[in-house]
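This report concerns only the one structure given below.
The values are calculated or read from the model by the stated rules, or taken from the named source; none is laboratory data. A quick note: this is a predicted structure, and the numbers were derived from the prediction, not measured. Backbone-built Cβ (ideal geometry, glycine too); neighbour counts: all protein chains shown.
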Amino acid sequence: MVYQLFGPPNYFASLLRATSVSFISAFVATYVATCIAIPTVFLIERYRFGRFIRSLLRIPLIVPTSALGLSILLLWGPGGLKLANPGIWLIILTHIVFSVPVVVEPIIATFEGSEIPVFEGAARTLGATPYNTAESISLPLLKRGILAGAILAFTRSLGETGATFLVMGSDVTIPPLVVNMVEALAIPAALFASTYLIALSFALLLIFRMVTTR
């Protein structure tokens, strides 16, 4: 009965560890993906080969996450280039791959709806350097798109299951922990973990909304 309600004896310790792994992975992956996405958007919008780059970036969005996780494990894992063993670093790498296009698309939508090239052209005629133009005009106008993309990437990373399950090793995140509980027939424990994850996600969305509406 205790197992059914609360899982195995170390269940809460496992849940807390899974929470830390989930948040670390989501935060690092989102930060790196955002840093990659911002210059990528400028490449897409200003060069002819931008459409090709955008098409490549859309591949992780349409490929099943389990197939994405397996391909990354085979390429970057011990059987491939040996960049990382299954664990948190391979989780982060996997999440970066599918987070970059998630961040890119809202930024592109903001870019195309803000007439940024017009403002940039006006700034340059007044003597502004490309760096000053980007810092003072382009990035402030893209702020909402960047924040929206980062929020979407973070929440998706936090709830990702299929790809994470294949590359996590001993570093378990919350969604695979729920799957493990279901397979162990500890359904109430799995429901508790699911409710816990939903509550965390809801709280984060509220925090993000408060930050972005200021």
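Could you grab me the full set of residues in segment 43-58 that are touching a residue at least 40 places away in the same chain (Cβ under 8 Å) and surrounded by 15 or more Cβ atoms within 10 Å (Cβ to Cβ)?
Ile44, Glu45, Arg54, Leu57
How about segment 28-42: which of its residues are surrounded by 20 or more Cβ atoms within 10 Å (Cβ to Cβ) and within 12 Å of the chain's Cα centre (by Cα)?
Scanning segment 28-42 gives Ala29, Thr30, Ala33, Thr34, Ala37.
Just one of Val182, Val172 is under 28 Å from Phe12 (Cα atoms), assigned to a loop (DSSP other than H, G, I, E, B) and out of contact with any strand residue (DSSP E or B) (no Cβ under 6 Å at 6 or more places or on another chain); which is it?
Among Val182, Val172, only Val172 is under 28 Å from Phe12 (Cα atoms), assigned to a loop (DSSP other than H, G, I, E, B) and out of contact with any strand residue (DSSP E or B) (no Cβ under 6 Å at 6 or more places or on another chain).
Which one of Leu81, Leu73, Leu90 is in contact with a Pro (Cβ under 8 Å, 6 or more places away or on another chain) and either at pLDDT below 90 or assigned to a helix (DSSP H, G or I) (or both)?
Answer to the selection: Leu73.
Mind listing just one residue for me: the one in segment 60-69 that is surrounded by fewer than 17 Cβ atoms within 10 Å (Cβ to Cβ) and in contact (Cβ under 8 Å) with a residue 40 or more places away in the chain and, of those, nearest to Gly169 (Cα to Cα)?
The residue in question is Ser66.
For segment 74-92, which residues satisfy the criterion of being more than 20 Å from the chain's Cα centre (by Cα) and on the phi > 0 side of the Ramachandran plot?
Result: Lys82, single match.
Mind telling me which of the residues Leu158, Leu185 ends up being among the hydrophobic types (A, V, I, L, M, F, W, C), out of contact with any Gly (no Cβ under 9 Å at 6 or more places or on another chain) and surrounded by fewer than 18 Cβ atoms within 10 Å (Cβ to Cβ)?
Leu185 is the lone residue from the list that is among the hydrophobic types (A, V, I, L, M, F, W, C), out of contact with any Gly (no Cβ under 9 Å at 6 or more places or on another chain) and surrounded by fewer than 18 Cβ atoms within 10 Å (Cβ to Cβ).
Residue-by-condition table, conditions (1) in contact with a His (Cβ under 7 Å, 6 or more places away or on another chain); (2) free of Cβ contacts under 8 Å to residues at least 24 places away in the same chain; (3) under 24 Å from Thr94 (Cα atoms):
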{"position": "Tyr131", "(1), (2), (3)": "no, yes, no"}
{"position": "Leu139", "(1), (2), (3)": "no, no, no"}
{"position": "Arg144", "(1), (2), (3)": "no, no, no"}
{"position": "Ser157", "(1), (2), (3)": "yes, no, yes"}
{"position": "Glu160", "(1), (2), (3)": "yes, no, yes"}
{"position": "Ser194", "(1), (2), (3)": "no, yes, yes"}
{"position": "Leu200", "(1), (2), (3)": "no, no, yes"}
{"position": "Arg209", "(1), (2), (3)": "no, yes, no"}
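Looking at (1) over 27 Å from Pro176 (Cβ atoms); (2) touching a helix residue (DSSP H, G or I) at 6+ places or on another chain (Cβ under 9 Å); (3) among the charged types (D, E, K, R), which one does Arg48 not meet, given that it meets all the others?
Of the numbered conditions (1) over 27 Å from Pro176 (Cβ atoms); (2) touching a helix residue (DSSP H, G or I) at 6+ places or on another chain (Cβ under 9 Å); (3) among the charged types (D, E, K, R), the odd one out for Arg48 is (2).
Restricting attention to segment 185-200, report how many residues are of a type in the set (S, T, N, Q) and touching a helix residue (DSSP H, G or I) at 6+ places or on another chain (Cβ under 6 Å).
Counting residues in segment 185-200 that are of a type in the set (S, T, N, Q) and touching a helix residue (DSSP H, G or I) at 6+ places or on another chain (Cβ under 6 Å) gives 1.
A quick yes/no check of all residues on (1) in contact with a helix residue (DSSP H, G or I) (Cβ under 9 Å, 6 or more places away or on another chain); (2) farther than 30 Å from Ala18 by Cα; (3) crowded, with 20+ Cβ neighbours inside 10 Å; (4) aliphatic (A, V, I, L, M):
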site: Gly79; (1), (2), (3), (4): yes, no, no, no
site: Ala84; (1), (2), (3), (4): yes, no, yes, yes
site: Leu90; (1), (2), (3), (4): yes, no, yes, yes
site: Pro101; (1), (2), (3), (4): yes, no, yes, no
site: Ala122; (1), (2), (3), (4): yes, yes, no, yes
site: Leu139; (1), (2), (3), (4): yes, yes, no, yes
site: Leu166; (1), (2), (3), (4): yes, no, yes, yes
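What helices (runs of 4 or more DSSP H) lie completely within segment 105-167 and have 1 or more residues being over 20 Å from the mean Cα position of the chain (by Cα)?
116-125, 130-133
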